[in-house]
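Asks: Mind having a look at this structure? Questions to follow.
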Amino acid sequence: MVYGANKKKSACRPALLQPLSVLELEVAHQPGREMQRVKEMRAVHSFEEIPFQPVKNALALFLSELLFRVLRQTEPDEELYDFLEFSVLSLDACSNGLADFHLVFLLKLTRYLGCEPNAEQETHGYFDMLNGVFCLQRPLHAHYLLPDVAADLHQLLCVDYGCLAELPRFSRKRRNELLENVLEYYRLHVPDFNGVHSLEVLQSLFD
């Protein structure tokens, strides 16, 4: 809980509370309370573009909401934190391939949620969404991707943030289809995940 954020001399300024901000907090911890009071905060990194570039800001809002809905653990997780910090800085610096950043981020995040798809198979036809594997035969259940969509998903799984420009130029329809498929994968594997409210705004961004 942040008190007095709108006061002129507050140590918790609203400008610091931007989506995906990386902050260092001093918290007045009181045992037994679910919500603790933030006494002071400072930015660990100063963004160059996320708060000022409309597309990056919209992506940050979407990713912030998604993280709020899927991250449940209360114990420290240094690997997850390092991944998120690196991803946030990569988004701020991204100049090529921005339209696919969120797709790559969502797929990389599955590793830390314990449901990373297996992209190591040498052959990949269909993608079995229940089991997280590529397979040559059509699965016997309804949760799978056809080979053309599965091939695009495989490319997204294998790319790093620095190589986003090397991805094929997806149409808005295909990009939205891939996003809906990835979110369906989350619904199948992440407990109590019911989607993201800011999805519609994100789907209208890229051509």
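Asks: Can you send over the solvent-accessible area of GLU116, 1.4 Å probe, protein chains only, in Å² to the nearest 10?
Replies: Surface open to solvent at GLU116 totals about 110 Å².
Asks: Evaluate the stretch 135-178: find the radius of gyration of its Cα atoms, find its Kirkwood radius, and give the ratio Rg to Rh. Numbers along the way, then the final one.
Replies: Numbers: Rg = 12.2 Å, Rh = 11.9 Å.
That ratio equals 1.03.
Asks: Continuing with this model, one more query. Order LYS56, LYS173, most accessible first, counting only protein heavy atoms with a 1.4 angstrom probe.
Replies: Per-residue accessible area, sorted high to low, gives LYS173, LYS56.
Asks: If you don't mind, there's one more thing I want to ask. Once you keep just the Cα pairs under 8 angstrom separated by 6 or more residues, what percentage relative contact order results for the stretch 55-136?
Replies: Worked out over the stretch 55-136, it gives 17 percent.
Asks: Still on this structure: How are the C-alpha pair distances of the stretch 91-207 spread across 5 Å bins, as whole percents from the shortest bin up?
Replies: 2, 11, 22, 24, 22, 13, 5, 1, 0
Asks: Tabulate in residue order the Karplus-calculated ³J(HN,Hα) for the stretch 183-188, using 6.51 cos²θ - 1.76 cosθ + 1.60 with θ = phi - 60°, rounded to whole Hz; enter x for Gly and Pro.
Replies: 5, 5, 4, 4, 4, 6
Asks: Now for a different question. Using only the alpha-carbon atoms of the stretch 53-140 as identical scatterers, what base-10 log of I(q)/I(0) does the Debye formula give at q = 0.24 Å⁻¹?
Replies: Scattering profile of the stretch 53-140, log10 relative to I(0): -1.19.
The values are calculated or read from the model by the stated rules, or taken from the named source; none is laboratory data. For clarity, every value in this text was computed on a predicted model and none was experimentally measured. Keep in mind that these areas ignore ligands, DNA and RNA; they rest on the heavy atoms of the full protein, side chains included. Shrake-Rupley method; radii C 1.70, N 1.55, O 1.52, S 1.80 Å.
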